[in-house]
Each structure stands twice: as C-alpha cells, then as structure tokens.
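A.B. asks: I am attaching a structure below and will ask some questions about it afterwards.
Read the figures in this text as sums done on the coordinates, not as results from a lab. If you're wondering where the values come from, they're calculated on a predicted model, not measured in any experiment. Don't worry about glycine lacking a Cβ; one is built from the backbone with ideal geometry, like all the others, and counts go over all protein chains shown.
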Amino acid sequence: MDSVKIGSVGIQWLGHAGFLLEGDGKKVYIDPYELSEEPAFDDKADILLITHEHSYHCSPQDIRKVRRSDSTTLIPENCSLEFRGDARRITEGDLLADGLEIKGVRIEVVPSYNLDKPYHPRGVGVGYIVELGGIRIYHAGDCDFFPEMKSIKVDVALLPIGGTYTMDEEEAASAAAVLAPKVVIPMHYGKSGKIDGNPEKFKALVHGKNPEINVIILDS
C-alpha cells in the first residue's frame, strides 16, 4: 500500500475510501475496507472514523482488524451497527470530545451527501476534518460537490472521483478548486463497474483549474 508524508503526517491509502493517518503519535483509520492482513497491535487504531453505514465503508470484519480494546470509534448517529467499548455517535457539525479533541486529536464532523443521486441523502453520512501535526486533512466521504464545501478550509483533501455514487473526476476537480488545499488525493475508484474513476484525468482537470494544487495519486 502506497503512502505519502506531508510535513510530519503520514497518509496511507488502504483502497476504496479507506485511509490511515499517522501523526502526533496517533493512528487514525477512516473507513477501512478489504484489508489484506490484520495490522500489528501497535499499528492498530487509536481513533477509528466511519463515514456511513454502506458495506464498503463500515465493514465489520475490517473494523475488527484495526480496533483495539482502547480504540475510540466515531460513527454516524443513524448507523445501525453496534460497537463495544468507546464508540461515540456523531452528527454533522460536531466538534468532538473534551471540548474539541479526542486523545489530543482535533476532529470536526462535516456534511457529506449527494445532490441529485439517491444513494447518500443528507443526514445519512458525514465527512471528517482531522488535524494532525498542524495539518488539516479532509475526508469527504461519499458525496457530490455540495454547497457547504465552500466554507471548508483544509491543507489536504481526500476526494471521491468514481462517479455514479459520488462525484466524478470533473465534479471532484471543481470541488478541489474551491477547497484549494495544498494537496488533494483521489479515492473511491479502482473497482470495476460503476466506480472505476480515472485519477490521471482528475489530476489533469485539477491542474487546469489550479496548477498550484499538488495532486498525489496513491496505489492501494
């Protein structure tokens, strides 16, 4: 699995919409899916973030692989899956835990929804902004380019490009141009059928709108 270091923060794409963020001595997993092996105990999650209930994003077998008994898991309010241990129901707009932080990591919960598709109505899922090493990393979840993105300020954006269920390459490039992060990493592509997006096309479209954005394509 490919990864990149941005400042002091490591970002590893786990495939589909799954990521591992590492910084400030913490490991934050987002939507782990189809992991080939279980991480060593020390590489498991301090914090686990689930964007919504669909099986590609809330996979019980992969969740079991990355969770420890002391992991903190954040799950949308309407997710039916039950978790043992430190599991917290969240909804968009939340600034979490002990004021603004969980285990020293600032996390913001933001909207994530489709505009003209039936798959992800508003209120079903969320996106996350995770701050590690002074870097704000935005995981958009499964969504279109919705109006609230215009107020999101981040250094790194993880954006879906697969189309059908989410933004396609062109819509995601427009979202990237408005977000104007230093780095954007495409996700939610690479599977056959309806989510087979083209990251090189996305990169070219982003650079056509804003050549200062660094588009990093990771291998899962």
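A.B. asks: Taking loop as defined by DSSP and a crowding limit of 15 other beta carbons within 10 Å, which GluC sites (Glu not before Pro) in segment 59-120 fit?
C.D. replies: The qualifying sites are Glu77, Glu82.
A.B. asks: Return the long-range amide H neighbours of Ile6 (sequence gap of 5 or more, or a different chain), with a cut-off of under 5 Å between placed amide H atoms.
C.D. replies: HN-HN under 5 Å from Ile6: Ile11.
A.B. asks: I need the calculated FRET efficiency for the pair Ala40 and Ala180, taking r as the beta carbon distance and R₀ as 41 Å, to the nearest 0.05.
C.D. replies: That gives a FRET efficiency of 0.65.
A.B. asks: Go through Lys5/Lys26; Lys117/Lys153; Lys44/Lys191; Lys44/Lys65; Lys44/Lys153 and tell me which ones have a Cα-Cα distance over 18 Å in this structure.
C.D. replies: Violating the 18 Å limit, Cα to Cα: Lys117/Lys153; Lys44/Lys191; Lys44/Lys153.
A.B. asks: Amide H of Gly127: which non-local residues (sequence gap of 5 or more, or other chain) have their own amide H closer than 5 Å, using H built in the peptide plane?
C.D. replies: Val110, Ser112
A.B. asks: Another question about this same structure. Round to the nearest 0.05 the FRET efficiency obtained for Lys209 and Lys117 when R0 = 22 Å and r is the Cβ-Cβ distance.
C.D. replies: Rounded to the nearest 0.05, the efficiency is 0.45.
A.B. asks: A follow-up question, please. So for Asp144, Asp219, fewest C-beta neighbours within 10 Å to most, what's the order? All intermediate terms of the calculation are to be shown ahead of the outcome.
C.D. replies: Details: Asp144 22, Asp219 9.
Lowest to highest Cβ neighbour count: Asp219, Asp144.
A.B. asks: Whole-Hz Karplus ³J(HN,Hα) for segment 208-216, in order, using 6.51 cos²θ - 1.76 cosθ + 1.60 and θ = phi - 60°, x for Gly and Pro?
C.D. replies: Residue by residue, segment 208-216 yields x, 8, 8, x, 7, 7, 8, 8, 10 Hz.
A.B. asks: Also, I was wondering about something else. Provide, for q = 0.10, 0.15, 0.17 Å⁻¹, the log10 of I(q)/I(0) from a solvent-free Debye sum over equal Cα point scatterers in segment 3-215.
C.D. replies: Values, matching the q order: -0.38, -0.90, -1.20.
A.B. asks: Now, a different point. For helix 169-179, what angle does its Cα long axis make with the longest principal axis of the chain, in degrees from 0 to 90 and rounded to 10?
C.D. replies: Approximately 70 degrees, to the nearest ten.
A.B. asks: Shifting gears a bit: Order the peptides 208-215, 130-137 from the highest to the lowest mean number of other Cβ atoms within 10 Å of their residues.
C.D. replies: Answer by packing, highest mean first, reads 130-137, 208-215.
A.B. asks: Taking θ = phi - 60°, what integer Hz values does the Karplus form 6.51 cos²θ - 1.76 cosθ + 1.60 yield along segment 3-18, in sequence order, with x for Gly and Pro?
C.D. replies: Karplus-based 3J(HN,Hα) across segment 3-18 equals 8, 9, 10, 10, x, 9, 10, x, 10, 10, 8, 9, x, 6, 10, x Hz.
A.B. asks: Also, I was wondering about something else. Can you sort Phe202, Phe145 from fewest to most other Cβ atoms within 10 Å of each residue's own Cβ?
C.D. replies: Fewest to most other Cβ atoms nearby, the residues stand as Phe145, Phe202.
A.B. asks: Let me ask something additional. How much length would be gained if the chain were fully extended between Arg106 and Leu81, taking 0.36 nm per residue of separation minus their Cα-Cα distance, in nm to one decimal?
C.D. replies: Full-extension gain reported as 6.5 nm.
A.B. asks: How high is the relative contact order of the chain? Use alpha-carbon pairs under 8 Å, at least six apart in sequence, and give a whole percent.
C.D. replies: That works out to 15 percent.
A.B. asks: For segment 58-127, taking Cα atoms only, what is the radius of gyration to one decimal and the Dmax to the nearest whole Å?
C.D. replies: Rg then Dmax for segment 58-127, in Å: 13.3, 40.
A.B. asks: Let me ask you something else. Once each part is reduced to its C-alpha centroid, what is the distance from segment 152-179 to segment 20-96 in angstrom?
C.D. replies: After rounding, the separation between the Cα centres reads 23 Å.
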